[in-house]
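Here's the structure, in structure tokens; my notes come after.
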Amino acid sequence: MGNSALKAHLETAQKTGVFQLTGKGLTEFPEDLQKLTSNLRTIDLSNNKIELLPPLIGKFSFLKSLALNNNKLTALPEELCKLKKLETLHLNGNHLRQLPAAFGQLSALKTLSLSGNQLRTVPTQLSGLRHLDVVDLSKNQIQNVPDTVGELQAIELNLNQNQISQISMQISHCPRLKVLRLEENCLELNMLPQSILSDSQISLLAVEGNLFEIKKLRELEGYDKYMERFTATKKKFA
């Protein structure tokens, strides 16, 4: 892509606060964007070949939305965690194995998509995020869900298509969790905490494609309590 094309994009971004450059084969984060650190509210660089997010990302202090889906990121810089206004972060289809230690400082974050990466566990950093609504961790290599998940503030947690065989009972203590997706994992029925059914806020539990038949779920103690929540929620959205 020529300089003039980039220049045109930068000029538009200055006016609109949105910089979108997708599917252009970019191998690095455009350095010229740092001229717009105070303008930009949205950056979308999805479907490129970016391997590294530079530390300068931490300077975009007004950024609300960052999308880098389908790139080649293997790690994220700690500087990303300085983005106190960031509400939406989409990093699907990269090669991320973990999140920066200070990730819990992204205090405004509401939506986090990390589908199709190489995470092996539910990152403990997520428990510190007070405004998180939706977390998508589907299509990773997660094998267990640790105790720290009990502090997760999310309303929806998507763990479809992982390798989960163990879940901490603490998941039933999530204060706002309404939707839990666990489709296509390695769960035996006795590894699903019954407290999810009997004693949680969860009103939609998706567990198709595990190592048990769905009809067996209906025989568990607490299933009727879960169905009460499920039906009440359905009425609300009807």
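Output the residue which, of all residues in the range 25-37 that are farther than 14 Å from N69 by Cβ and out of contact with any helix residue (DSSP H, G or I) (no Cβ under 9 Å at 6 or more places or on another chain), is most open to solvent (accessible area, probe 1.4 Å). Can you show your working first?
In the first step, residues of the range 25-37 are kept if they are farther than 14 Å from N69 by Cβ; the result is 25, 27-37.
Narrowing further to those that are out of contact with any helix residue (DSSP H, G or I) (no Cβ under 9 Å at 6 or more places or on another chain): 25, 27-28.
On the way: G25: 39, T27: 89, E28: 121 Å².
Step by step, filter the range 25-37, then rank; the result is E28.
When the criteria are applied in full, L99 fails the requirement of being touching a residue at least 24 places away in the same chain (Cβ under 8 Å), in contact with a helix residue (DSSP H, G or I) (Cβ under 9 Å, 6 or more places away or on another chain), open to solvent by less than 20 Å² (accessible area, probe 1.4 Å) and not in a loop (DSSP other than H, G, I, E, B). Considering the range 142-190, and only residues there that are in contact with a Pro (Cβ under 7 Å, 6 or more places away or on another chain) and not polar (S, T, N, Q), the residue that is farthest from N92 (Cα to Cα) turns out to be M169. Selection of helices (runs of 4 or more DSSP H) fully inside the range 157-238 by the criterion of at least 1 residues being open to solvent by 60 Å² or more (accessible area, probe 1.4 Å) returns 214-217, 223-237. Of the set (1) of a type outside the set (F, W, Y); (2) more than 16 Å from L96 (Cα to Cα); (3) assigned to a loop (DSSP other than H, G, I, E, B); (4) under 23 Å from the mean Cα position of the chain (by Cα), all apply to L26 but (4). Within the range 68-88, which residues are of a type outside the set (V, I, T), open to solvent by 10 Å² or more (accessible area, probe 1.4 Å) and not in a loop (DSSP other than H, G, I, E, B)? Of everything in the range 68-88, those that are of a type outside the set (V, I, T), open to solvent by 10 Å² or more (accessible area, probe 1.4 Å) and not in a loop (DSSP other than H, G, I, E, B) turn out to be E78, E79, K82. Summed over the range 38-62, the residues that are over 20 Å from the mean Cα position of the chain (by Cα), assigned to a loop (DSSP other than H, G, I, E, B), among the hydrophobic types (A, V, I, L, M, F, W, C) and under 18 Å from E78 (Cβ atoms) give a count of 1.
The values are calculated or read from the model by the stated rules, or taken from the named source; none is laboratory data. Treat the numbers as computed from the prediction; the structure is a model and nothing was measured. No Cβ is skipped: glycine too gets one built from the backbone with ideal geometry, and neighbour counts run over all protein chains shown. Note: accessible area is taken over every heavy atom of the protein model, side chains too, but ligands, DNA and RNA are not part of it. Shrake-Rupley method; radii C 1.70, N 1.55, O 1.52, S 1.80 Å.
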